[in-house]
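Working notes, beginning with the structure itself.
The values are calculated or read from the model by the stated rules, or taken from the named source; none is laboratory data. Because the structure is a prediction, the values reported are computed rather than measured. Neighbour counts run over all protein chains shown; Cβ positions are idealised from the backbone, glycine included.
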Amino acid sequence: MEKLDIKKKLKHDSILNTAFDLFLTKGITKTSISDIVDTAGVGKGTFYLYFKDKYDLRNKLISHKSSELFQSAHDALLDSDITDFEDSIIFIINHIIDDLERNQSLLTFISKNLSWGIFKNALITPAENDIDFHGVYVKMLKDSPHTFHNPEMMIFMIVELVSSTVYSAILYQDPVTLEELKPYLFHTIRQIIRSHQLPESHLIAKGN
């Protein structure tokens, strides 16, 4: 990486890290672009090189933080002996929610601001240096012996289910603790996956 590229990355990362801290402490609404650039020690011109406004920054920050969680989970999966598609999805989700339990500020930030649109954008067009969600997911689907109907809908339902249930369980132990929730959550995820799995007769017909 050239010196100029390194300096650009350092400024970009400084803005992201500063914004994350300010969004957590002050909230997005009360945080101004001036707050971000003054704290990060960069000019407003530098800010606008990378982001349209603070909400574009928020969306990219969510994508980046989600990518870090997914990267950690995927690296752990590669170090494991798990190859089954269902088990791999469960492993990744379990790893991510355990990380979120350890970092509840990150959980609050992501849960309050995550939407399918933001997640889908990160899934399809990851930022530079972020993991390619879509590529990993497509490879997992291809490596599976099964074929799935509408895999985008499948991952959408799983993401919505996980994001809507673990927040209360982690922060408030409501309606149960996270450990009590997990068996129900993972069972439901498996049911979602199986409901999108095409029958073997379809594969035989397709092969002929």
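What number of residues within region 46-55 are in a helix (DSSP H, G or I) and touching a helix residue (DSSP H, G or I) at 6+ places or on another chain (Cβ under 9 Å)?
Residues flagged as in a helix (DSSP H, G or I) and touching a helix residue (DSSP H, G or I) at 6+ places or on another chain (Cβ under 9 Å) within region 46-55 amount to 6.
Can you tell me which residue in region 31-41 is modelled with the lowest pLDDT, limited to those that are surrounded by fewer than 16 Cβ atoms within 10 Å (Cβ to Cβ) and in a loop (DSSP other than H, G, I, E, B)?
Per the stated criteria, the residue is GLY41.
When ILE28 is evaluated against the numbered criteria (1) in contact (Cβ under 8 Å) with a residue 24 or more places away in the chain; (2) farther than 26 Å from PRO145 by Cα; (3) under 24 Å from the mean Cα position of the chain (by Cα); (4) part of a helix (DSSP H, G or I), which criterion, by number, is the only one it fails?
Result: ILE28 passes all but (4).
Could you list, in sequence order, all residues of region 160-198 that are assigned to a loop (DSSP other than H, G, I, E, B) and in contact with a Ser or Thr (Cβ under 6 Å, 6 or more places away or on another chain)?
If the condition is that a residue be assigned to a loop (DSSP other than H, G, I, E, B) and in contact with a Ser or Thr (Cβ under 6 Å, 6 or more places away or on another chain), then ASP174, LEU198 are the ones that fit.
Residue-wise test of (1) modelled with pLDDT of 90 or more; (2) more than 20 Å from LEU107 (Cα to Cα); (3) more than 19 Å from the chain's Cα centre (by Cα).
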site	(1), (2), (3)
GLU128	no, yes, no
HIS134	no, yes, no
TYR137	yes, yes, no
SER163	no, no, no
TYR172	yes, no, yes
VAL176	yes, no, yes
GLU179	yes, no, yes
PRO183	yes, yes, yes
ILE193	yes, yes, no
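Count, please, the residues in region 126-151 that happen to be free of Cβ contacts under 8 Å to residues at least 24 places away in the same chain and in a helix (DSSP H, G or I).
Number of matching residues: 6.
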